[in-house]
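The block underneath contains the structure these notes are about, expressed in structure tokens.
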Amino acid sequence: MKVILKEPLVYFLLLSGLLFYVTTFFQQDSDNSQEIVVDRASLLSYIQQRTKIVEQDKLIKMFDRMPEDKRSDWVNAYVREEALYREAQALRLEENDPIIKGRVIQKLEFITKEYSEATLNVTQTDLDEYFDKNKQNYYIEPFVTFTHVYFDSGTHGKNSAKSLAIEKLNELSNNKVSFSEGIKHGDRFPYHVNYVERTPDFIASHFGQDMSDKIFNLKTIGDTWQGPFESEYGVHLIMVNRMEKGRFPSLTDVSEQVYQDVQREQIQSNLERSYKAIIDTYSVKVESLSE
Amino acid sequence: MNKKVKLSSIALAITLIGSQVNAGETQLLWGDTHLHTSNSMDAYFFNNRDGTPEAAYRWAKGLPVINTSTRARIQIGTPLDFLVVSDHAEYMTVPKRLFTLKDKALRETEFGKKLVKLWEGENPTMAGFELVGTVNDLKPYAPFVTKEVRQYGWNQVIEAAEQANEPGKFTAFIGWEWTSFPDASNLHRVLFTPQNGKEAAKYLPFTALDSSDPEQLWNWLEKTNKAVGSEIISIPHNGNVSNGLMFSRDDFNGAPITPGYAKLRARWEPIYEVTQIKGDSETHPIQSPNDEFSDYETYAHLLDAAGVASGAEMKEVVAEGDYARRALRTGLEFEEKLGVNPFKFGLIGATDSHSTYASAEENNFQGKFSIDSTPEARRDMPIMPGVKNMWAVSAAGLSAVWAEENTRESIYAAFKRKEVYASTGPRIAVRFFGGYDYTAQDAKANDLAKIGYKKGVPMGGDLVKAPKNTAPSFLIHAVKDPKDANLDRIQVIKGWLNADGTTAEKVFDVVWSDNRKKQKNGKLPAVGNTVDINTGKYTNNIGTAQLSTTWKDPEFNPNQRAFYYARVLQIPTPRYSLLDAIALQMDVKETGHPATIQERAYSSPIWYTPSK
């Protein structure tokens, strides 16, 4: 029991429960259960639930401009819902209903979650420790930007595709053919001419793994044609415009993201603690489960 | 990737000397990637009891078939070149086995007995709800998801596709739909493979019951690729009913997108389904207020039965993460931030028809399901949440593909390189190339496509490193559907990333019909409207049969990331609901939908990236 009382959420829930009983107890006298009152506030909140318009002023504006017949449609819908709901309640239809049970549990979970969020406290040590433990989650993939001139080994045969490529390499280099001019040379590749900021597995999915490895191992970045390189489809000459190595960023680089992740982890562990505290207020007796 | 794309049979007009090469021609193929038969649970419950995958292929090939509700003989107007039968993987064939085939293995289970009692007794609707409910709650009934049951469904898919596939003539792909539906937000994906039945038999479709998290789906794709050499593409369902989740800035668990997420998504999802029967998701008037054509076939009713309230003002849910144009913009932001663009996709249309028949023709529309295939049913049975009648859906969605030949490998390669585009129905031919060397003369050339490929990249490609003081230019050509209406105009839609990290978009009218002059406000006057709402007829004496131009970006900034795509508009034609209204002798205004629409095609984008 001592552990439970240390858990402030349980206090909070007890208190709100008490408050609820008190208010409903005093309301009961004045509340005529056969009378449905449609006022501005309740109708607005009803419409908000239905239309999912979040901005309050937008909602009010829409409501105030609404023609009389539309407005009375809403009133009718509200009254219908309220009447049916109350009737169902009077018949105690909500009892032992798994959907309603699930829904009210969900509401309790929301409250618990909000509570867990409100009691967050992320320190620098938390950030350091978390980042250290989960470094692999922040790995930045290598990526590459390049263009290529392609010779199809299907149409030319492997050997002549290769010799065509070697010849072309001389021509491209001697004439200083630029990145954007490369497209005028070679055959049409099944996929793209230019690859922009693409990761190794994307390149592998268009060229095969070997070729992807070769490209990511290229050392010369800039206006130089390189090759020939063989892929699953043929022979390629390549000009690389940009190559970023894969790397683990420093904490400062990704502090915002790490902060959010730590927050999420804290919320989760606060939540688990809170649920456990709630369960601990009950004594549980598991009877013999076999027949 | 271990599957070698065979280009050997392609007639490449190659000259081996100098730089005369690079002129591989492509042909235009039309198809549907998203189609359900009675093997899909929901299709079955909406009265499609015997529409088989075989029938779906027969319809696509242009053969007469039977409408599964009316039992009338029906036939597609213009046949398709390819089709993916993509039945929902969850409980695939289960209702059919329970109620039509009276399969004892399923009927004599405890839940089976209960369902059969409902179905054959007084409450068949409830049987449907009960079964669907277990999927929506992700609490599948174990005997209905055994390996045997899943294998049975998958075999049907494989066999039908293998039989219908005729290389060079008609392509039948093996595929399915993954039906993730958290809180009534539609995150569905259509998946298909260029591989044959033997390869596809090495795995069973990944279902939402395995996981509703797209990242888990991509992980499965990666794992299966490594394990059995599968090659599969994943296409997100149109996003207007996703509650903002389709292109959310967060992942499925609410954490911000990481480079790892972006990498996986870019690898497995190169294409997005932008338009279909459940409406158009290019953009929305709320998101593109300056785009006078943005209010087109919007459909933002969540598929949430609980949200069906008074009906009166069930306002549409319009979220940033629902629409293609905004997602392309968000993608530029992420590319700058993460180094990888998770939303770098090409565009296609697809029907998502549940009637067995891929129908996107206004004058020959077979309905979203089977039950709504007649004008009266569409008028009287609003079976989808939030709609007043079934005219809320569009007779829309086809994929156009520029491929070397009509084979699985060739079409699939075009999807992978995004040389594909979307049409809302008409077979409008669209070429869209980007480069730095196109001249005004090129747009008039007889061999426009050849020049297009030679001097630049086709739709779906990338431009990098603009030569000094050169803005990219775009070579664009559109030809009307020979059986359909004339064209109004071609527009280029540009989106870009500003230095301050914000994004923007602009629509340019680049070429149009009838010698119209732009007004002082820069807008082009409307093309007019020839539709007679009493007869549903229109004439082609406005508009033009083809349009072509070379357009250079007048506002190019070499330091800004940008994308460009073409939108081609038809002249106004009758919406299918007008034809229904005329048949029913009712006022078209009572349908609640416009009498006429301007059908359209969206090219896949071309991206520009500044060099660092």
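The values are calculated or read from the model by the stated rules, or taken from the named source; none is laboratory data. Owing to the predicted nature of the structure, the values given are computational and were not obtained by experimental measurement. With ideal geometry, Cβ positions are generated from the backbone for all residues, glycine too; neighbour counts draw on all protein chains shown.
Points to keep in mind about this one:
- Check on A:E232, outside any loop (DSSP other than H, G, I, E, B) and either crowded, with 19+ Cβ neighbours inside 10 Å or at negative phi (or both): no
- Residue that is surrounded by the most Cβ atoms within 10 Å (Cβ to Cβ) [pool: residues in region A:149-166 that are polar (S, T, N, Q) and at the interface with chain B (Cβ under 10 Å from one of its Cβ atoms)]: A:S153
- B:S248 polar (S, T, N, Q), touching a Pro at 6+ places or on another chain (Cβ under 7 Å) and touching a residue at least 12 places away in the same chain (Cβ under 8 Å): no
- Taken across region B:67-88, residues that are in a loop (DSSP other than H, G, I, E, B), in contact (Cβ under 8 Å) with a residue 24 or more places away in the chain and aliphatic (A, V, I, L, M) do occur, with at least one present.
- Residue satisfying all of: in region A:197-217; touching a residue at least 40 places away in the same chain (Cβ under 8 Å) and not β-branched (V, I, T); nearest to the other protein chains (Cβ to nearest Cβ) among these: A:E197
- Considered as a group, the residues in region B:412-463 that are within 14 Å of chain A (Cβ to nearest Cβ) and basic (K, R) include one that is surrounded by the fewest Cβ atoms within 10 Å (Cβ to Cβ), and that residue is B:K450.
Here's the yes/no breakdown for (1) modelled with pLDDT under 95; (2) of a type in the set (A, V, I, L, M); (3) touching an Asp or Glu at 6+ places or on another chain (Cβ under 6 Å):
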| site | (1), (2), (3) |
| --- | --- |
| A:D126 | yes, no, no |
| A:N134 | yes, no, no |
| A:N137 | yes, no, no |
| A:F146 | no, no, no |
| A:Y150 | no, no, yes |
| A:S153 | yes, no, no |
| A:A165 | no, yes, no |
| A:K168 | no, no, no |
| A:E181 | yes, no, no |
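- Scanning region B:436-458 for residues that are more than 18 Å from A:Y191 (Cα to Cα) and among the hydroxyl-bearing types (S, T, Y) gives B:Y436, B:Y438, B:T439.
- In this entry, A:V235 is excluded by the filter for residues that are within 19 Å of B:V464 (Cα to Cα) and among the β-branched types (V, I, T).
- For A:L169, the conditions (1) buried (at least 16 other Cβ atoms within 10 Å of the Cβ); (2) more than 9 Å from chain B (Cβ to nearest Cβ); (3) not in a helix (DSSP H, G or I) all hold with the exception of (3).
- Exactly one residue out of A:E181, A:E244, A:E256, A:E232 is facing chain B (nearest Cβ under 7 Å) and over 24 Å from B:I411 (Cα atoms), and it is A:E244.
- When restricted to residues that are crowded, with 19+ Cβ neighbours inside 10 Å and over 24 Å from the mean Cα position of the chain (by Cα), region B:69-91 contains 1.
- The set of residues in region A:40-67 being within 12 Å of another protein chain (Cβ to nearest Cβ), part of a helix (DSSP H, G or I) and over 32 Å from the mean Cα position of the chain (by Cα) consists of A:L43, A:F63, A:R65.
- Just so you know, in region A:81-131 the residues that are touching a residue at least 60 places away in the same chain (Cβ under 8 Å) and of a type in the set (F, W, Y) include one that is farthest from B:E130 (Cα to Cα), and it is A:F131.
- Residue in region B:220-233 that is farther than 27 Å from B:G349 by Cβ, surrounded by fewer than 21 Cβ atoms within 10 Å (Cβ to Cβ), among the polar types (S, T, N, Q) and modelled with pLDDT under 95 present: no
- Residue in region B:366-388 that is buried (at least 22 other Cβ atoms within 10 Å of the Cβ), under 18 Å from the mean Cα position of the chain (by Cα) and in a helix (DSSP H, G or I) present: no
- Residue in region B:166-182 that is touching an Asp or Glu at 6+ places or on another chain (Cβ under 6 Å), surrounded by fewer than 22 Cβ atoms within 10 Å (Cβ to Cβ) and touching a residue at least 12 places away in the same chain (Cβ under 8 Å) present: no
- Whether a residue is within 21 Å of the chain's Cα centre (by Cα) and not basic (K, R) was assessed, and B:I257 does not pass this test.
- Test: residue in region B:121-130 that is surrounded by 21 or more Cβ atoms within 10 Å (Cβ to Cβ), of a type in the set (A, V, I, L, M) and touching a strand residue (DSSP E or B) at 6+ places or on another chain (Cβ under 6 Å): no
- Residue that is surrounded by 14 or more Cβ atoms within 10 Å (Cβ to Cβ), of a type in the set (S, T, Y) and away from every other protein chain (no Cβ under 14 Å), where the choices are A:T112, A:T125: A:T112
- Among the residues of region B:551-579, those that are surrounded by 20 or more Cβ atoms within 10 Å (Cβ to Cβ), of a type in the set (S, T, N, Q) and in contact with a strand residue (DSSP E or B) (Cβ under 9 Å, 6 or more places away or on another chain) comprise B:Q570, B:T573.
A quick yes/no check of all residues on (1) more than 14 Å from every other protein chain (Cβ to nearest Cβ); (2) within 20 Å of B:A324 (Cβ to Cβ); (3) assigned to a helix (DSSP H, G or I):
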site: B:P554; (1), (2), (3): yes, no, no
site: B:N557; (1), (2), (3): yes, no, no
site: B:Y565; (1), (2), (3): yes, yes, no
site: B:V568; (1), (2), (3): yes, yes, no
site: B:S577; (1), (2), (3): yes, no, yes
site: B:A581; (1), (2), (3): yes, no, yes
site: B:M586; (1), (2), (3): yes, no, no
site: B:K589; (1), (2), (3): yes, no, yes
site: B:S611; (1), (2), (3): no, no, no
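- All positions within region A:220-242 that are of a type in the set (A, V, I, L, M) and under 37 Å from the mean Cα position of the chain (by Cα): A:I221, A:I238, A:M239, A:V240
- Residue check, B:T535 in contact with a helix residue (DSSP H, G or I) (Cβ under 8 Å, 6 or more places away or on another chain) and either modelled with pLDDT under 95 or of a type in the set (V, I, T) (or both): yes
- Exclusive hit being at pLDDT 90 or above, in the same structural domain as A:Y115 (by TED's automatic domain parsing), out of contact with any Asp or Glu (no Cβ under 6 Å at 6 or more places or on another chain) and part of a helix (DSSP H, G or I), set A:I203, A:I279, A:I215: A:I279
- For beta carbons closer than 6 Å, sequence separation of 6+ or different chains, a first residue in region B:467-481 that is within 12 Å of chain A (Cβ to nearest Cβ) and a second that is among the hydrophobic types (A, V, I, L, M, F, W, C), the qualifying pairs are B:P472/B:L463.
- Any hit, region B:92-101, residues being modelled with pLDDT of 95 or more, surrounded by 14 or more Cβ atoms within 10 Å (Cβ to Cβ), within 29 Å of the chain's Cα centre (by Cα) and outside any helix (DSSP H, G or I): yes
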